[in-house]
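The values are calculated or read from the model by the stated rules, or taken from the named source; none is laboratory data. Model, not experiment: these values are computed from the prediction. Every residue, glycine among them, receives a Cβ derived from its backbone with ideal geometry; neighbour counts consider all protein chains shown. These area figures cover heavy atoms from the full protein model, side chains too; ligands, DNA and RNA do not enter into them. Shrake-Rupley method; radii C 1.70, N 1.55, O 1.52, S 1.80 Å.
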Amino acid sequence: AVAWRGHVGWDFLRGRAVGVAERVGAVAGADLLAGEWWRLGTSMFVHMGAVHLFCNLLGLIVLGPLAEGVWGRRRFLTLYLVSGLAGAASAVAGEPNAAVAGASGALCGLTTAAVVWLLRYRSHLPPNDVSDRLRGLLGVLVLTGLLSFVPWVSWEGHLGGAVAGAVAAGLLDLY
């Protein structure tokens with residue numbers, strides 16, 4: 001709605017109206033210096049165009065049911081938010097002048113959290129299921145790793161979210 005009111009709707013859908021994303025919650029280093037720390041949270045719900053949104057929604061559709069199934073709703077939400085915050089913070093630290101937006105850090109965290117869970121409980125699960133799931137999750141991580149080096153994609157955000165997801169999964173498993 002903000003993009004259409006500003007007469008840049010189609011540009012926004014193509015990922016070319018960064019100003020709109022900044023206006024609705026993307027984050028950059030200057031925002032944090034200005035005290036707008038809340039943008040670390042909102043940035044994981046803002047995307048830079050339709051393709052970016054579609055890719056992240058597809059990832060959530062594929063990964064979400066597995067992660068929510070093994071962790072439960074509350075822990076799934078915790079993992080998503082912690083990973084998303086860490087991903088945004090890592091992305092801003094790596095590129096403080098760039099606008100950061102997207103759920104990729106959160107999705108990377110959910111992926112590593114699922115890997116941690118599968119490794120932790122593999123002795124209680126059918127071996128074929130574990131190996132199939134691990135292969136699929138590792139394939140997602142490799143693909144994400146390769147996509148991380150595309151211009152305008154934040155490898156720092158992906159890595160920060162993945163590390164936070166693995167650490168948070170280990171801590172959540174203690175309780």
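Over the chain, with a Gaussian network built from C-alpha contacts below 10 Å, which listed residue (Asp11, Asp31, Asp132) shows the highest mean-square fluctuation? Largest GNM mean-square fluctuation: Asp132. Subtracting the Cα-Cα distance of Leu119 and Val24 from 0.36 nm times their residue separation leaves 30.3 nm of extension gain. The residue list Leu58, Ala88, Ser43 was ranked by how far each Cα lies along the charge dipole of region 16-99 toward its positive end, using unit charges on Cβ atoms, and Leu58 comes out on top.
In this simple spin-label model, placing a label point 7 Å from the Cα along the Cα-to-Cβ direction at both Trp152 and Trp38 gives a separation of 2.8 nm. Computed over the chain with a Gaussian network model linking Cα atoms closer than 10 Å, the most mobile of Leu159, Leu63, Leu138 is Leu138. Restricting to Cα pairs below 8 Å that are 6+ residues apart, what does the relative contact order work out to for the chain? Please round to a whole percent. Across the chain, relative contact order equals 26 percent. Can you figure out the FRET efficiency of Tyr175 with Leu141, using R₀ = 25 Å and their beta-carbon distance, to the nearest 0.05? The pair Tyr175/Leu141 has a calculated efficiency of 0.45.
Calculated on the Cα set of the chain, radius of gyration then Dmax: 16.7, 57 Å.
Rank Val163, Val150, Val116 by mean-square fluctuation in a GNM of the chain with C-alpha springs under 10 angstrom and give only the top-ranked residue. It is Val150.
Helix 73-94 axis versus longest C-alpha principal axis of the chain: approximately 50°, rounded to the nearest ten.
Summing Cβ point charges (Lys, Arg +1; Asp, Glu -1) relative to the Cα centre of region 97-175 gives a dipole of roughly 120 debye. Restricting the calculation to alpha carbons of region 122-164 gives Rg and Dmax of 13.6, 42 angstrom. Within the accessible surface of region 1-155, defined with a 1.4 Å probe on protein heavy atoms only, the carbon and sulfur portion equals 66 percent.
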